1. Can you tell me which residue in the range 180-201 is surrounded by the most Cβ atoms within 10 Å (Cβ to Cβ), limited to those that are of a type outside the set (Asp, Glu), more than 22 Å from the chain's Cα centre (by Cα) and in a loop (DSSP other than H, G, I, E, B)?
2. For the range 215-260, what are the residues that are farther than 26 Å from residue 195 by Cα, within 15 Å of the ligand (Cβ to nearest atom) and at pLDDT below 95?
3. Looking only at the range 4-22, which residues are under 17 Å from residue 207 (Cβ atoms) and basic (Lys, Arg)?
4. Scanning the range 111-129 for residues that are touching a residue at least 24 places away in the same chain (Cβ under 8 Å) and among the small types (Gly, Ala, Ser), which turns out nearest to the ligand (Cβ to nearest atom)?
5. Checking the structure you have, find out if any residue of the range 11-31 is under 19 Å from residue 111 (Cα atoms) and out of contact with any Phe, Trp or Tyr (no Cβ under 6 Å at 6 or more places or on another chain).
6. Please work out which one of (1) in the same structural domain as residue 156 (by TED's automatic domain parsing); (2) at pLDDT below 95 is the condition residue 19 fails and give its number.
7. For the range 163-179, name all the residues that are hydrophobic (A, V, I, L, M, F, W, C) and either part of a loop (DSSP other than H, G, I, E, B) or in contact with a Lys or Arg (Cβ under 6 Å, 6 or more places away or on another chain) (or both).
8. Which of (1) buried (at least 17 other Cβ atoms within 10 Å of the Cβ); (2) farther than 22 Å from residue 43 by Cα is the odd one out, the single condition residue 248 does not satisfy?
Amino acid sequence: MTTKHVISVSGGKDSTALLLEALSRCPPESVIPIFCDTGNEHVSTYAYLDYLEQALDIKIVRLKADFSEEIAAKRRFIARDVRTARKDGQRVRWTNKAKRRALEALKPTGNPFVDLCLWKGRFPSRLAQFCTQELKRNVAVLFQMDLIDQGYSVISWQGVRRDESVNRRKARKFERIGPRLRAFRPLVDWTAQQCFERHRVAGILPNPLYRQGMSRVGCLPCIHCGKAAIREIAARFPDEIERIAKMERLVSRASKRGFSTFFHKWTHAPGERRLDIFAMENVQAIVEWSRTRRGGRQLDLLSPNPEMCASAYGLCE
Ligand code: SF4
């Protein structure tokens, strides 16, 4: 049975080192690099993938989640929602005003990150991190299942390093996921420095975002960005902040509450006015906060490593 080695490439240092390892160890025709495009990446990352394709003479399969069916189903649900008050007195139905506002906003844009948030009516958060699963994991798994259906055996190469975070400390090098599907994580014992060294040995440049002050590559920004990273992104890539601000306005219109913010940095008292919360947490306000010295009420204390994606799949750097 023929084996295909599927390499999840994000454009970051780990997945590029992983790709270089795969190309040096496996027959070239058995290696399939894939890139799950979240639609929330910096333009440099797309250019870097083009560079990798050219420098390594490979094709990277670009995959994108599509939420148009989910959005259509949500439109139908909102339009028909005529539920009345619950027993505890809390209103659960959409008001007519919220319905009109949401139905006007709820249209697929073709950008996976935006469409996912429109469908959910909110942005992901640390406690509801649906982005990794919907934008990366499910897309990669579907691709691999397709290969299995075609009769291949699949080895899913994942660029996980144990020293990255507590969540990844126990990552296994080999794992059987299911029939004809195994995970292989050859970098579990590597350091970040070894990944950069692997680039140097192969004569491959790292993603230029590292030279521009970014400590990680992937969504830019990521919902997990800490204060320093937000400040850095705002200083170097103000257009990305403007893009997120636009996204917040759109997703807010599709939300039952009428607002949703990209970052969730503060805890809020029950009954706090939604306009006050939006004023405090919208991306522009968070950028302002990132330039201050005050810490504020940080929700991120819940996480042992606030700047890391919590995914154990190595899909978000
Ligand atoms: S990089 Fe961050 S925002 Fe992007 S999918 Fe992963 S956790 Fe979500």
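The values are calculated or read from the model by the stated rules, or taken from the named source; none is laboratory data. None of the values given here were measured: they were computed from a predicted structure. When we count neighbours, we look across all protein chains shown, and the Cβ atoms used for this are built from the backbone with ideal geometry, even at glycine. Note: accessible area is taken over every heavy atom of the protein model, side chains too, but ligands, DNA and RNA are not part of it. Shrake-Rupley method; radii C 1.70, N 1.55, O 1.52, S 1.80 Å.
1. 190
2. Within the range 215-260, just 260 meets the criteria.
3. Listed by number, the list holds a single entry, 13.
4. 125
5. Within the range 11-31, not a single residue is under 19 Å from residue 111 (Cα atoms) and out of contact with any Phe, Trp or Tyr (no Cβ under 6 Å at 6 or more places or on another chain).
6. So residue 19 meets the others, but not (2).
7. Hit for the range 163-179 is 171, nothing else.
8. (2)
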